[in-house]
Structure formats: C-alpha cells, structure tokens
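Worksheet: the structure to be examined is printed underneath.
Bear in mind that the values in this text are calculations on the coordinates, not laboratory data. Everything quoted here is computed from the prediction, not taken from an experiment. Cβ sites come from the backbone with ideal geometry, for glycine too, and all protein chains shown count toward neighbours.
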Amino acid sequence: MPAITMPQLGESVTEGTIGRWLKNPGDRVERDEPLVEIITDKVNAEIPSPSAGTLERINVPEGTVVAVGQEIAFLATEAEARVAATATIGTGGQAAGASDEEAGESPRSSPLVRKLAKEHGLDLRLIHGTGLGGRVTREDVEAYLSQHPAASAGGITVASSTVNAATPATVPTPTEKPNGERGETITPSPIRRTIAQRMVQSVHEIPHAWLMVEVDVTGLVKLRDANKEHFKKREGVDLTYLPFVMQAVVEALRQFPVVNSSWQNDQIAVKREINLGVAVALDDGLVVPVIRNADQKSLVGLTHALAEIIGRARSGKLGVGDLEGGTFTVNNVGAFGSIASQPIINYPQAAILNMETIVKRPVVIDDAIAIRSMLNVCMSFDHRIMDGATAGHFLQTVKKRLEGWSPGSSIW
C-alpha cells in the first residue's frame, strides 16, 4: 500500500500545512489527479496522486503542520483494492456487518463507534479501520484520539480517561497585560512565520544602508495618461508605473553588475542572470515571485509578465519555481501612500528598491517654482558588497532613465 508523504516544495522548505483534502477515504483517484492542497511558507500547491487507485486512509487532518517526509495518507492500488474486495466477500464481512450498519455509512462501523466519534467530533473517514472488512472499531477511535490529541472538530484533547476542551490554535487567545489591559495572542500563519524568520536573518546578517533620490516623473505621468486606455485595449492589461521602474532598474543593473549579486562565503557572487523579484501583498503576508531574465523583456513584455505573476500570486497559483532564483527585488509601497521608507533586503540578495507614491508638489526649476509629479525611490543595500558611491551611481542611473520619458516617447 503506497504511502503519500509530505513533499519538499523548495530547497529550504522543511514542513507544510495540510490545507484541504481534495479526496475522501474510499474515493477513486487517477494517476496525477490532485489529492491534497499543501500550504508552505513559499507557496500553496496541489499534490497529485502518484498512481491510480483508492484513497485508503488519511493520517493527518486539515490544518495540521507536517514535517517533510512524514506519511500523510495511504493509497490502495487497483490490484490491492481487488484483493481486499475479494477477501471481504470471502469472509462474509459484508453480510455480517449489515445488521449493525446504517445504510450508506462509510466507512463501516457499529452504532456504538459512531456515537463515540460524534461525542468527540471526529470524522470516521479519517480513521483506518482494523476490523473485519475495514470496519472502524472502538479501539481504532481510541487509538486515533491518543495519536491526534487535537484532531477532533472541536479541538478535543485526551489525557488518561479525562476529556477536556482545548482552545483551537488558530483562535486569538485573550491575555492579561501587566497594566491590566486585556489583549490577545495570535498564532501566525506559515507565511507570516517565515517572513518573520527571514526578516530577522536579513537584518542580523546583512549590514543595511540606504539611500533615496527624488525623481521628476512629470513626463512619465503624462505619457501614461495619454496611452493607458489604448494600451489596455491593445494589450489586455493595465499600464502601471511599476514596469517603467523595473525597466530602469534592469538598465542600471547592466551598468552596475555588482548590485546584482550576493555575499557568499566571504566573497561577492555576481549573478549573470537578471531575475527581478516583485513583492506582492497578500491577505496574510507577502510573497516575492520572480520574473526571470527581465533584461530580455521590453516594457510591454515586463508589463505582461508583471500582470501574469501578480494574478497567479493573488489566486494562489504560484509554483515553487516562481519564488526562487531572484537576484534583485523591487517593491511598490507607493500603492499604500508611502512617500519614504527603508526596505529590508530580500536575503541573500545585495539590494532592494522601493517605489514610493507619486505626488504633485512645488519644485524649483531654473529659479522658478513649478508644480511637478515627483517620485521618491529608496534603496537598501548590503554595505559589505558596495559603498554609498556605487549605490548612489546606481540610483542616479535609475533616476535618469525615469526622467527620460516624455509624452512623445514610444512605449512599444
């Protein structure tokens, strides 16, 4: 009977959470048919069945965190299912169980067992039956409860012969603060927990420094305003400012390849590929999917790639490969109204660039005051890899490219 184990969905992934079982015990499954949804700190993924057969048993209920390699279910192949069926008929198990089963009950169990399961809020389909013909016995239920203390629907735990209600881990727990105020503790999601770990790692291991430049994007704003409706009709996606910033970053990375690097074993590893990570905000955190070979894409190509990867990120359709291999990260915090910020580097990259919000304000030009559309661009960088001079030249290159757009520029 093949065991289904928690797969390793990424090099650094050590555990995953059972999000949702897509099949129930006893269901027929085809080879490569989605079997279970796994949630990791990197991505949500549907795990396919390794072979055709019947889902015999589910070991781990939904919401449980499981280590990579742990058995989560068992699959009976077609041959095993035929043998089991023959054995059941030969021993008369079907007829013997008919007098104490409710019609249509699956898996087979006695009224006493069903009552016990109901008291503990258990789904009998999660329990492997050791009785005749796969019948779930009282001993099976008790064994399951002892092995899965929080497996019942009501979060019930078993200690000796006493049954106590426990607070579910996902529900905020009221706490008493020293000053007498009431608060709560919240169990972080896998994504939030990983974000916390990586942010701490980045700040502890990378000596951060940061710079900001002001960019006059008045010409770019006029260019976009003049073309956004036509662009939408022609390309089928919205024309936003972020692809312009991404293209400017790519051109700057070509001129300053040391910015496209990482610190490895006391050496600077300069990357040949320019793979831009793009921070995408989700309901419970953020992910940074990667647009590979961004330097080989035009402005229109970057716009399509950005729209596609953001759409998949927000619909939970990213694969593990979409989140690996980034060499530089860009982030549009301007969408939230931010005008200046110090981003934390996406470890182990050398730098990260934030695009702030575009605001109109008075600016002195040739000793005259003019109203211009201004954009702050902020970059944090690894001070081991580069000094302020290199980071400053890099940002000036980004600034020059963005200020080079005018209402008459071609975007195709």
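Computed quantities for the displayed model
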quantity	calculated
Greater than 21 Å apart at Cα, pairs in Lys222/Lys400; Lys271/Lys400; Lys233/Lys399; Lys233/Lys317; Lys360/Lys399; Lys232/Lys399	Lys271/Lys400; Lys233/Lys399; Lys233/Lys317; Lys232/Lys399
Placed amide H near Ala350: partners under 5 Å, 5+ positions off or other chain	Ser261
Radius 15 Å from Cβ of Gln247, net charge of other residues (Lys, Arg +1; Asp, Glu -1)	+3
The range 285-295 - phi-based ³J(HN,Hα) in whole Hz, Karplus 6.51/-1.76/1.60, Gly and Pro as x	x, 8, 10, 10, x, 10, 9, 7, 6, 5, 6
Interchain or long-range residues, amide H under 5 Å from Val66's placed H	Gly16, Thr17, Ile18
Relative contact order, percent, the range 191-403 [alpha-carbon distance under 8 Å, six or more residues apart]	31 percent
Alpha carbon convex hull of the range 306-406, volume per residue in cubic angstrom	141 Å³
Amide H within-cut-off set for Gly277, under 5 Å, with H built and near neighbours excluded	Ile291, Thr327, Phe328, Thr329, Val330
3J(HN,Hα) from dihedral phi, the range 250-261, Karplus parametrisation 6.51/-1.76/1.60, rounded to Hz, x for glycine, proline	4, 5, 5, 5, 5, 7, 10, x, 5, 6, 9, 8
Percentage, to the nearest whole number, of Cα pairs in the range 191-403 over 28 Å apart	27 percent
For the range 184-192, Karplus couplings with θ = phi - 60° (6.51, -1.76, 1.60), whole Hz, Gly/Pro x	8, 10, 10, 6, x, 6, x, 5, 5
Lys317, Lys118 arranged by Cβ crowding within 10 Å, fewest neighbours leading	Lys118, Lys317
Cβ-based exposure ranking for Leu282, Leu299, Leu402, in which fewest neighbours within 10 Å come first	Leu282, Leu299, Leu402
Virtual spin-label span in nm between Thr14 and His383, 7 Å along Cα→Cβ	3.0 nm
Ranking of Trp405, Trp412, Trp263 by count of other Cβ atoms within 10 Å, fewest first	Trp412, Trp263, Trp405
